[in-house]
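Visitor: Here it is: the structure, laid out below.
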Amino acid sequence: MTVVAARSIPLEILALPAQRYGCHGCGDCCRDFTVQLREADLAKLRAQRWEERLGVPVTTEFRGRRFLAQRVDGACVFLGEGGRCRIHAEFGLEEKPLACQMFPFVLAPDARRARAGVSFACASVLANKGPALASHAADVRRMAAMVDELAPARTMLDDATEASSEEPDLVAEALDRWLRDASRPLAERLDGLAWLAQQLSGARFAKVRGPRLRELMDTLVDALPDELPLHPIEPASRAQRATLRQAAFFRLEDPKIGDLRRQGRVRAVLGQYLRSRRFSRGRGAVPAMGAGWGGAVAFAAVDAVGPVDGSPDAAAIDELLTRWLRATVLGGRAWGSGFYGWSVTAGLQALALNAACVRWLARLHAAGAGRRAPSIDDVRAALSRVDRASGRAPWIGSRAERMRLSYLRIDDGLRCILRA
Ligand code: SF4
């Protein structure tokens, strides 16, 4: 475990030796993300005198916030040849906006420290390229010291019970023991995750605290191998599959500022509603959601693609999804400040839903490429989209998402869609 002091709260870099990272300059994040700016970022950009030198605005205001300007293709205005950032090339890493420096690290404070997890929207994180995460400790500490709002944050166990500083770790450790058990197939571990999420969603933790919570988690995890076969999964119902497709839609949807401006608010909202409805119905062509995502493929073709478990790349997919799930849980991104302030129990359900969305989106991506089973590249593309939205897109942390999860608690819904 790497612990370094960040401002007034200790900082802990994700302690997962299986995960590595180093920037390989692909520039994907600079084409994909819309970067919001802080006052300090704006001051740096002014001092660098870009607007005078380039003759174009390098920032833009949208709905009361300021962002880096984007080109017509949606890429950052500073993205240069070969994926190089012009600010970085001319002034160095520390002169870039803080969000650009920080990516793919994501800070998630809890009661006693801030965790630095990683985003799987980053191609190097996905591909596990680069040095050990601990080698970035000094850089992450420097960046964390610039985050003014970094302060201890409370985590809830359920919606009514505030966790002690140790309790979320007890849950994470027990869950991680199950997720990393390589003797069990990925499909079984995902089923166990959904089963645990469903069991805990009905629990009230007011009287199950500290050592009793540890005992409960250990008992539940130890019971999984015997318990799961006693509760066979029914095929997902039409309504459950519709809910899954709608959840997947909201992980793909993320229009650029330029598109929203061109369309205007009313057309943008109406367009989103119509696309969402087509995903729910699941008939005809999948609406175009960006390169590789629908537009020239039918929902029926997605249904015809086999599950990720039957992929020729099953071993690589198992390694990737296991690493992602573990990094999410141990890196503080499954609940609390790392996930919209949601409780541990709600965050666990959301993690299971995210895993189901990765599996469905991988099949959509495979269908678009004419494959009969998802490849590792399809799963990487799907995971990148899902993790990009997770904890960041406001609509994933919304009431509508909580309602989807409430519905999926009925009739083993989470387990059914994870197997669908
Ligand atoms: S400022 Fe540089 S690092 Fe940040 S998005 Fe633009 S090109 Fe990428």
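Just so it is clear, none of the values below were taken in a lab; they were calculated from the coordinates. Keep in mind it's a predicted model, so treat the numbers as computed, not measured. All Cβ positions, even for glycine, are placed from backbone atoms using ideal geometry, and neighbour counts span all protein chains on display.
Visitor: Please report the antiparallel percentage of the DSSP beta bridges confined to the chain, to the nearest 5.
Guide: Once the DSSP bridges in the chain are tallied, antiparallel ones form about 90 percent.
Visitor: Would you mind telling me which residue in M102, M403, M217 has the biggest mean-square fluctuation in a Gaussian network model of the chain, where springs connect alpha carbons within a distance under 10 angstrom?
Guide: M403
Visitor: Would you work out the charge dipole size for the range 293-414 about its Cα centre, treating the Cβ of every Lys and Arg as +1 and the Cβ of every Asp and Glu as -1, and quote it to the nearest 20 debye?
Guide: In total the dipole reaches around 420 debye.
Visitor: To the nearest 20 Debye, how big is the dipole of the chain about its Cα centre, given +1 on the beta carbon of each Lys and Arg and -1 on that of each Asp and Glu?
Guide: The dipole of the chain has a size of about 1460 debye.
Visitor: Report, ordered by chain and residue number, the aspartates and glutamates lying within cross-link reach of K256, taken as a straight Cα distance under 20 Å and ignoring same-chain residues fewer than 8 apart.
Guide: Hits, sequence-local ones excluded: D28, D32, E61, D73, D387.
Visitor: With θ set to phi - 60°, apply the Karplus curve 6.51 cos²θ - 1.76 cosθ + 1.60 along the range 276-283 and write out the HN-Hα couplings as whole Hz, x wherever there is a Gly or Pro.
Guide: Result, ordered by residue: 4, 5, 5, 5, 4, 6, x, 10 Hz.
Visitor: Below 19 Å, Cα to Cα, which lysines can K96 reach? Residues fewer than 8 away in the same chain don't count.
Guide: Result set, ordered by chain and number: K44.
Visitor: If you don't mind, another one. Express the relative contact order of the chain as a whole percentage, based on alpha carbon pairs under 8 Å and six or more residues apart in sequence.
Guide: 20 percent
Visitor: To continue, here is another question. Could you go through the range 34-48 in sequence order and give the Karplus-derived ³J(HN,Hα) for each residue, using 6.51 cos²θ - 1.76 cosθ + 1.60 with θ = phi - 60°, rounded to whole Hz, and x for Gly and Pro?
Guide: Listing the rounded values in order: 9, 9, 7, 10, 9, 4, 5, 5, 5, 5, 4, 5, 5, 5, 7 Hz.
Visitor: Ranked highest first by the average count of other Cβ atoms within 10 Å around their residues, in what order do 182-191, 320-329 fall?
Guide: 320-329, 182-191
Visitor: Going by amide H atoms built from the backbone, whose H comes under 5 Å of the H on V118, apart from near neighbours?
Guide: V106
Visitor: What whole number of Å gives the distance from the Cα centroid of the range 366-408 to the Cα centroid of the range 270-291?
Guide: Result: 14 Å between the Cα centres.
Visitor: Using each residue's phi in the range 361-378, evaluate 6.51 cos²θ - 1.76 cosθ + 1.60 at θ = phi - 60° and report the 3J(HN,Hα) Karplus result to the nearest Hz, with x for Gly and Pro.
Guide: My calculation for the range 361-378 gives 5, 4, 6, 4, 5, 5, 4, x, 9, x, 8, 8, 9, x, 8, 4, 5, 5 Hz in order.
Visitor: Treating the beta-carbon of each Lys and Arg as +1 and of each Asp and Glu as -1, no other charges, what is the dipole magnitude of the range 17-100 about its Cα centre, to the nearest 20 debye?
Guide: About 120 debye.
Visitor: Now, a different point. Please identify every one of the GluC sites (Glu not before Pro) in the range 44-151 that sits in a loop by DSSP and has no more than 14 other beta carbons within 10 Å of its own beta carbon.
Guide: Answer by residue number: E149.
Visitor: What residues qualify as long-range amide H neighbours of M156, i.e. H under 5 Å apart, gap of 5 or more or another chain, H built at 1.01 Å from N?
Guide: A163, G336, V344
Visitor: Okay, next question. Which Cα, out of L42, G130, L107, lies furthest along the positive dipole direction of the range 21-151 (beta carbon charges, K/R +1, D/E -1)?
Guide: The residue sitting most towards the positive pole is L107.
Visitor: Right, next: How do 111-121, 387-397, 258-268, 298-308 rank on mean C-beta neighbours within 10 Å, highest first?
Guide: Order by mean packing, descending: 111-121, 387-397, 298-308, 258-268.
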